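The values are calculated or read from the model by the stated rules, or taken from the named source; none is laboratory data. From a predicted model like this one, the values you see are computed outputs, not experimental measurements. Cβ placement follows ideal geometry from the backbone for every residue including glycine, while neighbour counts extend to all protein chains displayed. Ligands, DNA and RNA are stripped out before the accessible areas are found, and what is left, the full protein with its side chains, is counted by its heavy atoms. Shrake-Rupley method; radii C 1.70, N 1.55, O 1.52, S 1.80 Å.
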Amino acid sequence: MDDSLYSRILVVDSSDGLSIATTALRSDGWQVVEAETFDRALSLLRSLAIHAIVVDPFNIDGDGLDAIVVIRRLTNVPILVVTGLPDRHVLVAALRLGVDDYVLKPAWPSEIAARVAALVRRSKRGDHSSRIDAGHLVIDVIARQAFVAGEEIPLDQREFDLLALLAQHAGTVFARQEIFTRVWREGFDEHSSATVVEHVRRLRRAVESDPRHPRLIQTVQRRGYRFNLGALAAS
């Protein structure tokens, strides 16, 4: 079933931001309602069935992160922040307050639509993402266990969090900076990139049949890493 046919997305931003996000979502078949003010957004949340929210909390008349707190009190639907604010510390705080994902402006319209689709899909399938089964690799997110060919593999906290991040967003390319922000939840510095590279190397040794030629955790040149779910499913 096409999730977009039965889902309504609330886009909260200034007029320019509304146009970009709304056009991208509607072109993919989503029902979209718009709000240029925080009060209007709250009114729509109280009166309509909303299945996901795309918001720039720093570009409306709300109080930035406080707007996220208020929205979270009203609904548990997925929240995607699309913002031009480059402060990673603030974005980390937003994640801790309940934001599910974020994209930095300028963003490709197709990326906004793809991330919304992923968030809605996981939300509608409930705990679907708590178990990821792909060929010889099985990940139990709730139990924090991973198995290769039926045998549990030992992973430390960061390794498991990194694996879960990539697997739950299969196909999405994550830059090293974004991985570090999401997994370590700290500011990115000159040592952070090497830390991510080392943890990816360890994961490949644990889950890949041939770590020197990885099929699962793939490098996308000059962009980052992605989890290729299809590689294991087809093997």
Stretched out fully, how many nm does the piece from Asp87 to Asp28 gain, at 0.36 nm a residue minus the Cα gap?
18.2 nm
Counting Lys +1, Arg +1, Asp -1, Glu -1, what net charge surrounds Arg222 among other residues with beta carbon under 15 Å of its beta carbon?
+2
Per-residue [θ]222 nm for the chain (sum of -39500 (n - 2.57) over DSSP H runs n ≥ 4, rounded to 500):
-13000 deg cm²/dmol
In Å², and per residue, what accessible area does the chain have when probed at 1.4 Å with the other protein chains present?
50
Roughly what would the spin-label model give for Glu152 and Thr75, points 7 Å off Cα along C-beta, in nm?
3.9
Taking all protein chains as present, what is the carbon and sulfur share of the accessible area of the chain, in % to the nearest whole number, probe 1.4 Å?
48
May I ask what percent, to the nearest 5, of DSSP beta bridges between residues of the chain are antiparallel?
50
For a quick check: with amide H placed at 1.01 Å from N, whose amide H comes under 5 Å from Val54's, ignoring anything fewer than 5 positions away on the same chain?
Leu10, Val11, Val12, Leu80
The simple spin-label model distance between Asp133 and Arg40, using points 7 Å out along Cα→Cβ, in nm, is 4.6
I'd like the Karplus ³J(HN,Hα) series for region 200-212: coefficients 6.51, -1.76, 1.60, θ = phi - 60°, whole numbers in Hz, and an x wherever there's a Gly or Pro.
5, 4, 5, 4, 4, 4, 7, 10, 8, 5, 9, x, 6
Could you derive backbone 3J(HN,Hα) for region 144-160 from the dihedral phi with the Karplus parameters 6.51, -1.76 and 1.60 (θ = phi - 60°), listing whole Hz in sequence and x where the residue is Gly or Pro?
6, 10, 10, 10, 10, 6, x, 9, 5, 9, x, 10, 7, 4, 5, 4, 5
Taking θ = phi - 60°, what integer Hz values does the Karplus form 6.51 cos²θ - 1.76 cosθ + 1.60 yield along region 77-90, in sequence order, with x for Gly and Pro?
5, x, 10, 10, 8, 10, 9, x, 6, x, 6, 5, 5, 5
Sequence-separation-based contact order of the chain, relative, with Cα cut under 8 Å and 6+ spacing, percent:
14
Please determine, in degrees from 0 to 90 and to the nearest 10, the orientation of helix 65-74 with respect to the longest principal axis defined by the Cα atoms of the chain, where the helix direction is its Cα long axis.
90
For Gln145, the residues 5 or more places away or on another chain with a placed amide H closer than 5 Å to its own amide H are Asp140
Please give the net charge around Glu34, taking every other residue with its beta carbon less than 10 angstrom from that of Glu34, where Lys and Arg add +1 and Asp and Glu add -1.
-1
